[in-house]
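Please read the structure below before turning to the comments.
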Amino acid sequence: MKTQNFKRILACLLAVATLTGSALAASGTNSINALYNNIKVMVGGQETTLTDVNGNVVEPFIVDGTTYVPIRGAAEALGETVSYNSDTNSVEIGNQEAPKYVFVFIGDGLSHVQTQLTNYYLDAMSQDAVAPLAQDDIEVSADRDLSAILTSTPQLTYMGFESTGITTTYDSTSFCPDSASTASSIATGNKTHSGAISVAEDLVTEYATMAEQMHDMGMKVGIVSSVTINHATPAAFYAHDWSRDNYYDIGLDLIDSGFEYFAGGAINKPDNSGTATSIYTLAEQAGYTVVNADQAAAEKITAADGKVIITGEDTNGGALPYEFEREEDMWALSDYVSKGIEVLDNDNGFFMMVEAGKIDWACHANDAYSAIGETIAFSNAIDEAVAFYNQHPDETLIIVTGDHETGGMTVGYVSTWYDTFLAQLSSQTGSYDTINATITADIEAGASFETVLADIEAFCGLTTDAGEALSLTDYEIAKLQTAYDVQFEGLELDAELSTELYGGYKPVAITVMTLMNNKSGVDFTSTSHTGVTVGTYAQGVGSELFNGFYDNTDIYNNVAQIMGLN
């Protein structure tokens with residue numbers, strides 16, 4: 001590991017000060033007369049420009065014959081880290097080794113709202129309901145029941161990490177980016193076009209990823225995802241391709257990476273739709289132990305097995321099942337992380353990237369309840385890294401972020417006014433995919449609209465009976481009837497209206513999702529990605545660099561600074 005050279009910095013710096021004080025002042029502020037004389041700073045014979053934490057140029061200056069050099073700019077010019085410790089009121093310069101273990105967790109489609117909704121849902125499920133406020137009773141009245149008090153506490157582990165940031169996600173194509181480009185920005189520190197995997201804007205030049213560089217340093221590397229492991233986000237850490245849809249070529253890059261651990265979802269189109277040798281076969285020929293949908297065999301895997309590919313039960317296009325639909329004896333995302341730690345742990349350290357990909361899938365389908373379940377599964381996976389961190393607190397860095405937001409999720413809806421009823425979401429017992437599959441199968445078997453309504457009640461509790469919390473109004477039943485007629489009876493709607501109502505999804509199931517969300521006080525603006533910022537959270541060695549407002553490329557830049565990458 002790289003040890004920071006504190007003496008080298010001190011030899012470079014003549015003195016340190018700011019414009020509001022001098023090296024002679026123990027505390028408080030002093031007025032000074034600073035002389036700027038276009039002083040050049042030379043490092044290794046080359047002139048360098050010193051900047052502050054925001055990238056602004058900061059010039060050296062002279063006070064009473066003493067030259068003052070900005071400490072952050074000088075240190076970074078020498079490739080060293082600088083941080084401010086608010087607990088001790090001290091500036092720390094290159095006084096720690098780089099972490100031996102690095103985790104990067106990416107919630108695909110995860111922004112602040114997905115995190116907050118999940119936390120509020122857990123709050124709502126753990127306490128008594130507070131009497132709701134009516135639209136015309138916003139102010140508390142004397143006869144209002146005030147016995148129940150609403151509270152909220154952080155219930156997702158990463159919400160309590162020591163450093164938090166707000167991160168922009170735009171790419172070279174759009175302010176509403178896709179997963180390929182945003183994951184590439186995180187993995188390489190560079191912007192690229194939507195759909196591109198860790199290549200430049202010319203779609204040819206390859207950018208080295210943080211995972212590849214740490215592997216070259218002798219660290220083992222693991223890639224875990226709840227969706228297919230040659231999907232856009234995991235691929236950005238080991239592959240280089242102009243298109244995220246070139247699944248077979250990305251699978252070849254997976255093998256060529258030599259990374260020690262791939263796990264979670266299956267490999268998408270492993271035989272290139274029947275035209276090529278299976279990636280699984282090629283991986284075995286390259287020395288990988290492949291365990292495909294065999295949990296008993298996966299449990300026996302150890303570090304002695306060398307390079308490993310472990311895939312779970314293929315329940316949804318190669319992805320792991322939604323957390324709320326997962327059978328109790330099936331591995332969760334956290335189990336793949338735990339096994340990864342077991343396989344990767346070694347004296348040279350390891351890097352692990354973990355993606356919760358189905359937060360994104362759920363939000364595309366406006367399935368708030370499934371998104372909550374996936375966010376809980378994501379937090380549980382992070383808990384495995386935190387348990388490891390607690391054993392190695394001076395050697396571990398954990399980073400949690402989202403690649404972009406999906407769906408334009410919000411907490412609050414026009415007809416629930418100043419209230420939410422989040423516990424009602426627990427009435428949902430199936431994901432969008434399951435509900436759609438069940439309804440479609442029933443219709444193909446000759447079922448009527450009334451049978452579809454019975455299916456909906458069984459899955460979600462939405463009922464035509466009056467007086468229930470989830471009772472359907474005549475207006476809502478009419479919306480379902482229209483969706484049914486469009487999907488199964490050939491009713492044609494204006495294309496723009498159809499897009500506005502259903503967003504490209506199956507009309508009945510997406511309408512059910514909308515009704516469940518809205519009755520609970522949740523809404524979505526889209527079935528696509530949005531351009532809002534995401535949260536970034538960090539714990540451990542170097543985590544202080546992840547405070548503040550910054551771009552997703554700076555996640556890579558911070559890791560590069562901490563680890564000594566290019």
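The values are calculated or read from the model by the stated rules, or taken from the named source; none is laboratory data. Note that the structure is a prediction, hence the values are computed from the model and not measured. All Cβ positions, even for glycine, are placed from backbone atoms using ideal geometry, and neighbour counts span all protein chains on display. Just so you know, the surface numbers come from the protein's heavy atoms only, side chains and all, with ligands and any DNA or RNA stripped out. Shrake-Rupley method; radii C 1.70, N 1.55, O 1.52, S 1.80 Å.
Residues that are under 30 Å from Thr434 (Cα atoms), free of Cβ contacts under 8 Å to residues at least 60 places away in the same chain and not aromatic (Phe, Trp, Tyr) do occur in the range 376-394. Only residues that are surrounded by 13 or more Cβ atoms within 10 Å (Cβ to Cβ), under 36 Å from the mean Cα position of the chain (by Cα) and of a type in the set (A, V, I, L, M, F, W, C) were counted across the range 414-452, and they come to 9.
Give the residues of the range 286-308 that are within 13 Å of Trp331 (Cβ to Cβ) and either buried (at least 19 other Cβ atoms within 10 Å of the Cβ) or of a type in the set (Val, Ile, Thr) (or both), sorted by residue number.
Our first condition is that a residue be within 13 Å of Trp331 (Cβ to Cβ); within the range 286-308, this holds for 291, 293-299, 301.
Once the filter is applied, which keeps residues that are within 13 Å of Trp331 (Cβ to Cβ) and either buried (at least 19 other Cβ atoms within 10 Å of the Cβ) or of a type in the set (Val, Ile, Thr) (or both), the range 286-308 yields Val291, Ala298, Ile301.
Can we say Asp367 is open to solvent by 10 Å² or more (accessible area, probe 1.4 Å) and in contact (Cβ under 8 Å) with a residue 60 or more places away in the chain? Can you show your working first?
Working: open to solvent by 10 Å² or more (accessible area, probe 1.4 Å): no; in contact (Cβ under 8 Å) with a residue 60 or more places away in the chain: yes.
Criteria not met by Asp367.
Of all residue pairs spaced 6 or more apart or on separate chains, those with beta-carbon atoms under 7 Å, a first member in the range 180-193 that is in a loop (DSSP other than H, G, I, E, B) and a second member that is charged (D, E, K, R) are Lys191/Asp171; Thr192/Asp171; Thr192/Glu201; His193/Asp171; His193/Glu201.
Entry remark, the range 187-216: residues being of a type in the set (S, T, N, Q), under 18 Å from the mean Cα position of the chain (by Cα) and crowded, with 24+ Cβ neighbours inside 10 Å number 3 in total. Taken over the range 549-566, the criterion of being in contact (Cβ under 8 Å) with a residue 60 or more places away in the chain and open to solvent by less than 40 Å² (accessible area, probe 1.4 Å) is satisfied by Tyr550, Asp551, Asn552, Thr553, Ile555, Tyr556, Val559, Ala560, Ile562, Met563, Leu565.
Every residue, every condition in (1) surrounded by fewer than 15 Cβ atoms within 10 Å (Cβ to Cβ); (2) not in a loop (DSSP other than H, G, I, E, B), yes or no:
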position: Asn268; (1), (2): no, no
position: Thr277; (1), (2): yes, no
position: Tyr280; (1), (2): no, yes
position: Glu284; (1), (2): yes, yes
position: Ile310; (1), (2): no, yes
position: Glu328; (1), (2): yes, no
position: Trp331; (1), (2): no, no
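Evaluate the following for Asp216: is it without any contact (Cβ under 8 Å) to a residue 12 or more places away in the chain and either out of contact with any Leu (no Cβ under 8 Å at 6 or more places or on another chain) or within 25 Å of Ser194 (Cβ to Cβ) (or both)? Judged against the criteria, Asp216 is a match. Check whether at least one residue in the range 213-234 is part of a helix (DSSP H, G or I) and more than 21 Å from Leu565 (Cβ to Cβ), and report yes or no. So far as the range 213-234 goes, yes, one or more of its residues are part of a helix (DSSP H, G or I) and more than 21 Å from Leu565 (Cβ to Cβ).
Taken over the range 454-489, the criterion of being within 21 Å of Ser370 (Cβ to Cβ), open to solvent by 40 Å² or more (accessible area, probe 1.4 Å) and in contact with a strand residue (DSSP E or B) (Cβ under 7 Å, 6 or more places away or on another chain) is satisfied by Glu457 alone. Does Glu544 satisfy being touching a strand residue (DSSP E or B) at 6+ places or on another chain (Cβ under 8 Å) and touching a residue at least 12 places away in the same chain (Cβ under 8 Å)? It is true that Glu544 is touching a strand residue (DSSP E or B) at 6+ places or on another chain (Cβ under 8 Å) and touching a residue at least 12 places away in the same chain (Cβ under 8 Å). Cβ-Cβ contacts under 9 Å between residues 6 or more apart (or on different chains), taken from a first residue in the range 451-478 that is assigned to a helix (DSSP H, G or I) to a second residue that is among the basic types (Lys, Arg), are listed as Glu476/Lys519. Taking the criterion of being of a type in the set (A, V, I, L, M, F, W, C), within 28 Å of the chain's Cα centre (by Cα) and modelled with pLDDT under 95, the only residue of the range 266-313 that qualifies is Ala293.
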